[in-house]
Amino acid sequence: MKKIYLYGNWKMNMNCEETRGFYKDFGGQVAGSSGLLGAMGEALEVAVFPPFTSLAAAEEASKNLDKRTAPFLGAQNVYFEPKGAFTGEVSIPMLKNLGCTHIIVGHSERRTIFGESDDLIARKVKACLDEAIVPVFCYGETLAEREGNKTFDVVSRQLRAALSGRTSEEAKKIVYAYEPVWAIGTGKSATSDEAQEVCAYSKKLIRDLAGSAELPVVVLYGGSVKPDNAKELLSMEAIDGALVGGASLKADSFLRIYRAYAGID
Ligand code: PGA
């Protein structure tokens with residue numbers, strides 16, 4: 001079985017107390033399942049992305065977990081400058097200082113609600129790579145774009161912008177997350193064929209842009225991933241894992257996504 005990346009984007013949910021509860025529950029679930037315990041690390045990579053205000057609580061709570069089972073910690077957004085007069089923003093060094101190893105960049109909610117452009121997102125991707133932190137680069141089309149047969153144009157534009165000026169060494173350090181906007185938080189996931197088609201296209205394009213047909217590329221699918229559609233989606237050849245919103249807020253439903261895929265209790 002391939003390695004699965006299971007990433008949980010908590011969005012604007014989970015205060016410090018709820019975060020501590022999640023970690024306690026998470027530790028208990030993993031310790032209580034030999035299948036999960038055995039998978040952690042080699043076969044399963046888990047990361048959680050709490051809101052900024054809960055990162056310190058998450059880092060502290062993860063110290064109570066067996067090192068092998070602690071999820072990677074990530075942030076949901078960042079500004080590309082290291083410090084200075086940028087009211088309300090948070091920098092990469094600040095996030096690294098809190099134990100973050102990953103940062104979500106270009107989530108569709110940042111693009112649509114907060115007006116983030118391809119150019120701004122590309123600068124964030126570059127800043128993460130410069131600071132040796134993993135950018136989890138999100139991209140995907142809206143419903144109108146899909147219905148207008150623009151999916152591949154949009155995906156291509158977003159990927160090209162993010163990878164412009166990046167070397168193949170850098171391109172392989174990015175985790176890519178294809179998230180069709182119409183499937184996010186709607187309960188209406190893409191079908192496994194729809195997700196596979198765009199993820200396969202993405203991999204080919206990323207390798208073409210990087211100039212290396214053999215480049216290892218990790219592409220996640222995101223958009224209403226739940227335990228009951230996990231097996232079908234994660235079994236698709238071009239899909240390496242899931243970026244999960246709603247179903248990642250409880251350790252039980254989050255881990256059941258992998259359990260459903262791997263067929264373990
Ligand atoms: P969802 O969110 O799983 O709640 O659809 C996914 C995401 O936005 O990353």
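The values are calculated or read from the model by the stated rules, or taken from the named source; none is laboratory data. What you see is a predicted model, and the numbers here were worked out from it, not measured in a lab. All Cβ positions, glycine included, derive from the backbone under ideal geometry; neighbour counts span all protein chains shown.
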Original post:
In region 195-205, is there at least one residue being of a type in the set (Lys, Arg), part of a helix (DSSP H, G or I), out of contact with any His (no Cβ under 8 Å at 6 or more places or on another chain) and surrounded by fewer than 16 Cβ atoms within 10 Å (Cβ to Cβ)?
Top reply: yes
Original post:
Can you pull out the residues in region 224-250 that are within 14 Å of the ligand (Cβ to nearest atom), of a type outside the set (A, V, I, L, M) and not in a loop (DSSP other than H, G, I, E, B)?
Top reply: PRO227, ASP228, ASN229, GLY241, GLY246, SER248
Subject >> Which listed residue is away from the ligand (no atom under 16 Å from the Cβ), over 26 Å from PHE254 (Cβ atoms) and not β-branched (Val, Ile, Thr), from LEU120, LEU95, LEU73 >> reply: LEU120
Original post:
Could you say which residue among ASP118, ASP130 is among the acidic types (Asp, Glu) and closer than 14 Å to VAL78 by Cβ?
Top reply: ASP130
Original post:
Considering GLY185, GLY165, which residue is small (Gly, Ala, Ser), touching a helix residue (DSSP H, G or I) at 6+ places or on another chain (Cβ under 9 Å), assigned to a loop (DSSP other than H, G, I, E, B) and at pLDDT below 95?
Top reply: GLY185
Original post:
Give me the pairs: first residue in region 169-196 and of a type in the set (Val, Ile, Thr), second residue in a helix (DSSP H, G or I) and within 12 Å of the ligand (Cβ to nearest atom), beta-carbon distance under 6 Å, and six or more apart or on different chains, which are they?
Top reply: VAL181/SER108
Original post:
Within region 210-223, is there a residue that is in contact (Cβ under 8 Å) with a residue 12 or more places away in the chain, in a helix (DSSP H, G or I) and either out of contact with any Pro (no Cβ under 6 Å at 6 or more places or on another chain) or within 13 Å of ALA190 (Cα to Cα) (or both)?
Top reply: yes
